[in-house]
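Accompanying notes for the structure given below.
The values are calculated or read from the model by the stated rules, or taken from the named source; none is laboratory data. Since the model is a prediction, treat every value here as computed from it, not as a measurement. Here the Cβ positions follow ideal geometry from the backbone for every residue, glycine too, while neighbour counts run over all protein chains shown. Just so you know, the surface numbers come from the protein's heavy atoms only, side chains and all, with ligands and any DNA or RNA stripped out. Shrake-Rupley method; radii C 1.70, N 1.55, O 1.52, S 1.80 Å.
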Amino acid sequence: DGEVRYYYFTLDALFAQSDMVTVVSKEGNGFDTAQITGPAVACPAASPGLSLVKAVNGDDANSAPGVEVIAGDSVLWEYLVTNTGNVDLSNIVVTDDREGTICTIAALASGQSVTCSKTGVATEGQYTNVGTAAATYDNTPITASDPANYFGKPRFVASPLIDIEKLVNDVDADEPY
């Protein structure tokens, strides 16, 4: 009929395996197909990854003795979870070997980070715990762990002591003669 029509297509897919794409359009009761030449597009292979940085009172205390705290005071543990892979992850569970389950992150896009936290009470002496972030992608477990350390010092309790030395004629007079 001499009519010219222009069609514009946007391809939204993970990959095209060749430089030819077949486009099908509906025309009346039939279909019309056309081959479009363009560059082959390929996405990189899925590479899931996680990182975890655990901090004690804001300090990434990986090595003992770590941060000094006063026994009985509050301790804040922060768990910075980052999706280091090129695929989105879901249902990431953050746990601590001594503090239990910390949080569950419903979804974490590639490159995105989320911080979970837990507050506890410092105990006296050396304390080490390890945080772990775990997810599954395509039936493959993905994990990351990081330790944190603190040293709980005893709280100073004042014990006032008074010692009086009495001298008689410049001689210590503690014992009777």
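What the table shows:
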{"read-out": "Members of segment 103-155 that are aromatic (Phe, Trp, Tyr) and in contact with a Phe, Trp or Tyr (Cβ under 7 Å, 6 or more places away or on another chain)", "value": "127, 150"}
{"read-out": "Test for residue 106: is it in contact (Cβ under 8 Å) with a residue 12 or more places away in the chain, part of a strand (DSSP E or B) and in contact with a Leu (Cβ under 6 Å, 6 or more places away or on another chain)", "value": "no"}
{"read-out": "Enumeration of residues in segment 152-177 that are among the charged types (D, E, K, R), surrounded by 10 or more Cβ atoms within 10 Å (Cβ to Cβ) and assigned to a strand (DSSP E or B)", "value": "153"}
{"read-out": "Segment 112-151, subset over 18 Å from residue 54 (Cα atoms) and either in contact with a strand residue (DSSP E or B) (Cβ under 9 Å, 6 or more places away or on another chain) or of a type in the set (Val, Ile, Thr) (or both), residue least open to solvent (accessible area, probe 1.4 Å)", "value": "125"}
{"read-out": "Test for residue 91: is it polar (S, T, N, Q), within 18 Å of residue 152 (Cβ to Cβ) and under 21 Å from the mean Cα position of the chain (by Cα)", "value": "no"}
